[in-house]
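Below is one structure, written out as structure tokens; comments come after it.
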Amino acid sequence: MTPFLRKIASWVFSLLLFLQGGQMLHVNSEKTVNDAFLPGAVWTDTEGNPIQAHGGQVQRMTVPDGSGGVTETYVWVGENKNSGHMGNPVAVYTSDDLYHWTCRGDVLRPVSSVSEIDTDPYFENLYGELDETQKQHVVDCIGTDKVIERPKMLYNEKNGNYVIWFHSDDVTGSNPNYPYDVGMAGLAVSDSPFGPFRFVDRYRLNECPSNQIDCFPFSKGEARDMNLFLDDDGTAYIVYTSENNKTLYISRLNEDFTGLSGTVYGEDYIRLFPGAMREAPVLIRQDDRYYLMSSSTTGWASNQARVWSSDRIFGKWRNDGNPCEGKGRTVTFDTQSTTLFRAPNGQWIYGGDRWNGDVLSDSRYVWLPVTFENGKLTIRWENEWNWETGDHRS
Ligand code: DGJ
């Protein structure tokens, strides 16, 4: 988005907030972010530093227990925006109670130059074996001036390892001022969720079949905003915005979670809502129904969410409309979707980013309770709440 369009989007957004009677703000409370969810407040980790895990994903996951075995805990993976817009390391935090988060550090780090690979033992260990062209390719993909956004992680039980998929982007020769012109999905792998993750490569994904109308035929297989979903049967899917952000795709991953399962339309992947311009997708399963939440495409400004639902991933999807109810519903309570997950008692939680486009590291997190009412995913605002006592009708 150009600066001018960004300004217009921000004015439209302010007008929308004004018409709704004010922004969703955190109100002063006796509680702290370590004993309740305070949507929109600065959320600090166990060291007292603001959590840097934007555009992220929270899930209960198998992790090493530190004594050679494994245990389960909540893992929050996301963009560390202390570096601003570009070259965001991927950070990981863990928690047992969802309020106290321990920083496990930057698990996938951007690389500034080939000489950094040759001189810094951290990078030498990961990429030292590569030849000069391959090292340059790593720098070209995850350099400190590249887009590394919306990282998501999965544990691959078969291999006992972890994959991170993320939105990998950059300018191109034909579009030197637009850092989102490459439109690819990046992959990194590690034996531990706490890293270090080794960047493998970045890829274009499935393409519009020739018997369907491609909304952006000039650039095939694009992948930008994305998410991962692990189904109950162990099958993993990547959901992403493609065709110049006009159409969402869901593609099944291979058994290693390191690539696509294939290219057969309806068996390996599906195109959804062509031309609807959705991004920030999140896919979940509740009982035997799948729910796909997404935002519209307005840069860092928030907009109206929408949910579609279906009995089968590669089946027919029903438009369930805006999941948000009450004041702030037309701008997703000033957030953009990034994760949906369950607390230990089964309470579903919506996690959204409240972006601060001027100071991205000061973007906030808004976690709200989710209910399923008459088969529809529903989100309502809370000034402060606890998952233990939240309304968890489902
Ligand atoms: C919206 C996307 O959802 C974000 O991840 C980021 O790419 C911004 N656009 C950049 O404007």
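All of the numbers you see were taken from the coordinates with simple rules; none came from a lab. Predicted model only: the values in this text are computed from it and were never measured. Quick reminder, even Gly has a Cβ in these numbers, built from the backbone with ideal geometry, and neighbours come from all protein chains shown.
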Practice task
Work out from phi, with θ = phi - 60° and the Karplus expression 6.51 cos²θ - 1.76 cosθ + 1.60, the ³J(HN,Hα) of each residue of region 318-326, listed in order in whole Hz, and give x for Gly and Pro.
Solution key: 9, 7, 8, x, 6, x, 8, 10, x
Exercise for the section: Do me a favour and compute the ellipsoid semi-axes for region 214-326 from its Cα gyration tensor, root of five times each eigenvalue, largest one first, whole Å. Expected result: 21, 19, 12
Exercise for the section: Give the Rg (one decimal place) followed by the Dmax (whole number) of region 109-149, computed from C-alpha coordinates and expressed in Å. Expected result: 9.3, 27
Handout entry: Pairs from Lys152/Lys246; Lys81/Lys376; Lys158/Lys316; Lys220/Lys327; Lys81/Lys246 whose Cα-Cα separation, in the structure shown, is over 29 Å
Key = Lys81/Lys376; Lys158/Lys316; Lys220/Lys327
Practice task
With just the Cα atoms of the chain, tell me how far they stretch along each of the three principal axes, in Å, largest first.
Solution key: 57, 54, 46
Fill in the blank from the handout: Those GluC sites (Glu not before Pro) from region 67-129 that are DSSP loop and have at most 14 other Cβ neighbours within 10 Å turn out to be Glu129
Handout entry: Projected area averaged over orientations for region 44-169, convex hull of C-alpha atoms, nm²
Key = 8.6 nm²
Practice task
Apply the Debye scattering formula to region 272-350, with a single equal point scatterer on each alpha-carbon and no solvent, then give log10 I(q)/I(0) at q = 0.16, 0.24, 0.26 Å⁻¹.
Solution key: -0.61, -1.23, -1.34
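By counting other Cβ atoms within 10 Å of each Cβ, how are Arg364, Arg285 ranked from fewest to most?
Placing the least packed residue first, the sequence is Arg285, Arg364.
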Problem - Computed label-point distance, nm, for sites Asn374 and Asp145 using a 7 Å Cα→Cβ extension - result: 5.4 nm
Exercise for the section: Determine ³J(HN,Hα), in whole Hz, for all residues of region 200-210 in sequence, where each value follows from phi through the Karplus function 6.51 cos²θ - 1.76 cosθ + 1.60 and θ = phi - 60°; x replaces Gly and Pro. Expected result: 9, 5, 10, 9, 7, 10, 5, 10, 4, x, 5
Fill in the blank from the handout: Note on region 339-387: the mean projected area of its alpha-carbon convex hull, in nm², is 4.2 nm²
Handout entry: Approximate spin-label separation Asn34-Asp96, in nm, with each point projected 7 Å along Cα-to-Cβ
Key = 1.5 nm
Practice task
Starting at the first residue of region 341-349, write each ³J(HN,Hα) from the Karplus equation 6.51 cos²θ - 1.76 cosθ + 1.60 with θ = phi - 60°, in whole Hz, x for Gly and Pro.
Solution key: 7, 10, 6, x, 8, x, 4, 6, 10
Completion exercise
Taking placed amide H atoms and a strict 5 Å upper bound, the residues 5 or more places from Cys324 or on another chain that come that close are Ile379
Completion exercise
Once normalised by the length of the chain, the mean sequence separation of its alpha carbon contacts under 8 Å that are 6 or more apart gives a contact order in percent of 13 percent
Exercise for the section: Using a 10 Å cut-off on Cβ atoms, rank the peptides 272-280, 183-191 from the highest mean neighbour count down. Expected result: 183-191, 272-280
Problem - Qualifying chymotrypsin sites (Phe, Trp or Tyr not before Pro) for region 108-168 [loop in DSSP, other Cβ within 10 Å: at most 15] - result: none
Exercise for the section: Diagonalise the Cα gyration tensor of region 174-239 and give the resulting equivalent ellipsoid semi-axes, square root of 5 times each eigenvalue, largest first, whole Å. Expected result: 26, 19, 9
Problem - Cα principal axis extents for region 22-106, largest first, Å - result: 50, 34, 21
